[in-house]
1. Determine the gain in length on full extension of the stretch residue 224-residue 119; use 0.36 nm per residue of separation and subtract their C-alpha separation, reporting nm with one decimal.
2. Using only the Cα atoms of the range 213-264, what are the Rg and Dmax in Å?
3. Angle check, please: helix 65-80 long axis (alpha carbons) against the longest principal axis of the chain (alpha carbons), in degrees 0 to 90, nearest 10.
4. Subtracting the Cα-Cα distance from 0.36 nm times the residue separation, let me have the gained length for residue 66 to residue 383 in nm, one decimal.
5. Please report, in cubic angstrom per residue, the volume enclosed by the convex hull of the alpha-carbon atoms of the chain.
6. So how tilted is helix 184-194 from the main axis of the chain? Cα-based, degrees 0 to 90, rounded to 10.
7. Roughly speaking, what % of Cα-Cα pairs in the range 26-157 are separated by over 19 Å, rounded to a whole number?
8. In whole angstrom, and with the biggest value first, how far do the Cα coordinates of the range 86-236 range along each principal axis?
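Throughout, read-outs are computed from the coordinates displayed, never taken from laboratory work. Fair warning: this is a prediction, and the values are worked out from it, not measured in the lab. Counting neighbours? That spans all protein chains shown, and the Cβs are built from the backbone with ideal geometry, glycine included.
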Ligand SMILES: C[S@@+](CC[C@H](N)C(=O)[O-])C[C@H]1O[C@@H](n2cnc3c(N)ncnc32)[C@H](O)[C@@H]1O
């Protein structure tokens, strides 16, 4: 027997019984776990997004209530925790994970997640997983699954971490990365942005590892945040005057969302778009022209378009991907927004003609990992180089499209320094643009750091980790 499995830290009454494989036993009816397992398979085999696949499966199979909640917890949780689960499974299996059939590994991850991170009794976690495997892979593999999960069940998460995580003093980033189930390179990027490898890094990764609230924005001019909160049962967002936060639920089912009076949008995104509209821009023109240079799928275009409509301005929205440009058109149907399917680096719009330009650039999305359960394991450090090149080019284009005296907001949903201050430093040097203290345009928000840029954080603000810089093009 493996030495590390001799002492169990799990209470005896919570240990799973030894199971004998019985080929004739029919698989248990378990729609929640089956939906979670099918979601993991879709993520693995077709690079699907768990948070798109699962709601569809739940709808198609009419899974609701507690079963839907369980499926969601298991599917998203197992996606998020994959790195930690794999480390533990590797210790408990007598064959490398890379040699396993993908569907068996999915099931093991699902079982391991239940054992380490839920209150589901161990015997139920193991038995239900074994039943799922038996139904598709047969009794021999079911027996293997049973053995591996019994090994996992001998310790709880704390005990496994004590055994497997690097020492916190010697390797704090490795320690926190495993503890909060993040790839090391992402934990390092967070540490560099925070300037901390201790408690604050732990808090940031922990916040990123937990289930986020749903944030809504009430469309200005259509509905107030008070009304939206009353209709949805949500709470007023602490910082955005248009925001509401909800603990739970399918936002697509909410009446204000169905009637296009509100949309789903992280409060951090709302605040970055609002910051751009709050900067003073002197102009002689009767109506201001605003530009959203990377608009798809249109969340910020909707907020900008609604605010522009109220102030007599218009918005041009540029999006390179045809299907995403269509989404912007649909989202902004009633608003003073003109959508252009074009490359933001050369969109064919007149230079020097926009009062306000938003560059919500394509990025690694490291700031929104909590909303995309599998993303942290799909992203690679090599993605950063290509993205920063594109980000630099888009910001350069924005600084040509804005008129002298106008303002550009450079926004990314990532705290990675290469994507934030790295991109910005070069753009400022090349263009001579003046950096504004962006903190002034995020009023009444605590913990915004030394400026001039704003980096929001889930653990500090409850928002995604959005970065926002404001640049003014010199007048003369
Ligand atoms: C971070 S997303 C923007 C999110 C959007 N502002 C919102 O709030 O819904 C970046 C968008 O930029 C688009 N994009 C990528 N390269 C582009 C380019 N060269 N020109 C314009 N848009 C581009 C992507 O297709 C993606 O839709």
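1. 33.8 nm
2. Gyration radius and largest Cα-Cα distance of the range 213-264: 9.3, 26 Å.
3. 80 degrees
4. 110.3 nm
5. Details: hull volume 71.7 nm³, N = 476.
With only Cα atoms used, the chain gives 151 Å³ per residue.
6. Rounded to the nearest ten degrees, it is 40.
7. Values: 3758 of 8646 pairs.
In whole percent, the long-distance tail amounts to 43.
8. Cα spread of the range 86-236 along its principal axes, largest to smallest: 62, 43, 26 Å.
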